[in-house]
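**Q** One structure is given below, represented as structure tokens, and several questions about it will come after.
The values are calculated or read from the model by the stated rules, or taken from the named source; none is laboratory data. Since the structure is predicted, the reported quantities are computational estimates derived from the model, not experimental observations. Virtual Cβ from ideal backbone geometry, glycine too; neighbours counted across all protein chains shown. Keep in mind that these areas ignore ligands, DNA and RNA; they rest on the heavy atoms of the full protein, side chains included. Shrake-Rupley method; radii C 1.70, N 1.55, O 1.52, S 1.80 Å.
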Amino acid sequence: RENRRASERTSRWLRLRCGAQAYALELLKVQEVVLPVPLLPLRGTSPAMLGIMTLRGQVVPVMDLGLHLGSSAADNDANTRIVVLEE
């Protein structure tokens, strides 16, 4: 039990906002955070799927978290970032 508590204390989190809602992702699951880039749209996908981007030779799908969670689309402003998660 004590080992579990020690690991919980050392967990680190990336906090983010999508509209008025706040979220946190375990930092170990985050590969990196990048500025928005032009995306290649995909036909026949859900509206939340914005498209794909290439990141160091890897094809990465990009989703709008707000739309995916049933809210409104995320604002695209100077604070907008793409959070790339590990598989």
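**Q** Within the stretch 52-59, identify whether any single residue is in contact with a Leu (Cβ under 7 Å, 6 or more places away or on another chain) and at pLDDT 95 or above, and answer yes or no.
**A** yes
**Q** Shifting gears a bit: How many of the residues making up the stretch 15-32 are under 15 Å from Thr80 (Cα atoms), exposed (fewer than 13 other Cβ atoms within 10 Å of the Cβ) and touching a residue at least 12 places away in the same chain (Cβ under 8 Å)?
**A** Residues flagged as under 15 Å from Thr80 (Cα atoms), exposed (fewer than 13 other Cβ atoms within 10 Å of the Cβ) and touching a residue at least 12 places away in the same chain (Cβ under 8 Å) within the stretch 15-32 amount to 2.
**Q** Among the residues of the stretch 46-67, how many are over 18 Å from Val30 (Cβ atoms) and open to solvent by 80 Å² or more (accessible area, probe 1.4 Å)?
**A** Residues meeting the conditions: 3.
**Q** I would also like to ask the following. Any residue that is modelled with pLDDT under 95, touching a Leu at 6+ places or on another chain (Cβ under 6 Å) and either open to solvent by 90 Å² or more (accessible area, probe 1.4 Å) or more than 19 Å from Gly19 (Cβ to Cβ) (or both) - is there at least one of those in the stretch 68-81?
**A** The answer is no; no qualifying residue exists.
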